[in-house]
Amino acid sequence: MGLQALQRQPAEQMAAEALKEAILSGVFKPGDRLTEVELANQFGVSRGTVRLALHQISSDGLVDLKPYTGWSVIAFSPRDMWEIYTVRGGLEATAARLATQQLDKDGAAKLEQVANDLFDSARQEMNVDEIKRRDFALHRCIVGLAKNSRLENYYRMVEQQVRLFISATYTVDHPRIIVEHHQPIVEAILRRKPRVAARLSELHCVNEGERILREAVEVGDES
């Protein structure tokens, strides 16, 4: 499964981080069953350590424990998807607006660097995992630039499910799309246009969410 044995303590924390990364990177897909014995063998730790790790990441909404069935990666219903992308849209719109108002020289330089990293990875047609990582980094950067600790806390509560939601369906049909989707948001923040930045951010999240929801419904209808 592409997982590596863990070598250092605390093992349960390392197992939790490794398992979380495996889920968010797509090694495990939504709905996949997770067995303690198999994971313990993969990580080179005890079943008890794996059990603690699974309980840790369950608080992030990434895995679920069902009676008589066991652990599995959370699977999203259409309602779940709608809730995720609408909440994400509201939070990121607020973050973009505040980031525009709070932006200083250092923040602008950081935003430009993170954005250019994403755009370069798309133009150079790097692998999807790297583009995806830089995509998430840009969104987190904007949230951080808002300089609002409560907003960051609320975003952190849904971030893992947002990442899983996007990772499960993330495709790069054409590098140009990555730039077209994100560059206007970045430019609006750098040009200190809070209303434009907020509107574009929410529109991006909602459009992407609706696209994924349509695809999920179509797949469900075909099955």
### Query
Within the P(r) computed for the range 51-159, what percentage of the Cα pairs occupies the region above 24 Å?
42
#### Entry: Surface accessible to a 1.4 Å probe, Leu52 within the full protein complex, Å²
100
### Task
Towards the positive end of the charge dipole of the range 39-159, with charges on Cβ (+1 Lys, Arg; -1 Asp, Glu), say which of Tyr68, Ala40, Ala109 has the farthest Cα.
Tyr68
### Query
Which chymotrypsin sites (Phe, Trp or Tyr not before Pro) from the range 8-112 combine a DSSP loop assignment with at most 13 other Cβ atoms within 10 Å?
Tyr68
### Task
Please determine, in degrees from 0 to 90 and to the nearest 10, the orientation of helix 105-123 with respect to the longest principal axis defined by the Cα atoms of the chain, where the helix direction is its Cα long axis.
70
### Summary
When the charge dipole of the chain is computed with +1 on Lys and Arg Cβ and -1 on Asp and Glu Cβ about the Cα centre, the Cα farthest towards its positive end, among His139, Val50, Ile177, belongs to His139
### Query
How large is ³J(HN,Hα), in whole Hz, for each residue of the range 179-191 in order, when computed from phi with the Karplus curve 6.51 cos²θ - 1.76 cosθ + 1.60 and θ = phi - 60°, using x for Gly and Pro?
5, 4, 6, 10, 4, x, 5, 4, 5, 5, 5, 5, 8
### Query
Averaged over all directions, how much area does the convex hull of the C-alpha atoms of the range 109-168 cover when projected, in nm²?
4.2
### Summary
Over the chain, the sum of -39500 (n - 2.57) across DSSP H runs of at least four, divided by residue number and rounded to 500 deg cm²/dmol, gives at 222 nm -24000 deg cm²/dmol
### Message
Quick check for me: using +1 on Lys/Arg Cβ and -1 on Asp/Glu Cβ, what's the dipole size of the chain about its Cα centre, in debye to the nearest 20?
### Response
760
## Note on the structure
One point scatterer per Cα, no solvent, Debye formula: log10 I(q)/I(0) for the range 1-112 at q = 0.11, 0.13, 0.14, 0.20 Å⁻¹ comes out as -0.51, -0.65, -0.70, -0.98
### Summary
Once amide hydrogens are built 1.01 Å from N within the peptide plane, the residues lying 5 or more places from Leu34 or on another chain with amide H under 5 Å from its amide H are Trp71, Ser72, Val73
### Task
Mind pulling up the Rg/Rh value for the chain? Radius of gyration and Kirkwood radius, both on Cα.
1.00
### Query
Under the Karplus relation 6.51 cos²θ - 1.76 cosθ + 1.60, θ = phi - 60°, what is the ordered set of whole-Hz ³J(HN,Hα) values for the range 152-158, x standing for Gly and Pro?
4, 5, 5, 5, 4, 5, 10
### Task
Express in whole angstrom the spacing between the alpha-carbon centres of the range 41-67 and the range 81-140.
30
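The values are calculated or read from the model by the stated rules, or taken from the named source; none is laboratory data. Just so it is clear, the structure is predicted and the values come from calculations on it, not from any experiment. Quick reminder, even Gly has a Cβ in these numbers, built from the backbone with ideal geometry, and neighbours come from all protein chains shown. Quick note on the areas: whole protein, heavy atoms, side chains included, nothing else; ligands and nucleic acids left out. Shrake-Rupley method; radii C 1.70, N 1.55, O 1.52, S 1.80 Å.
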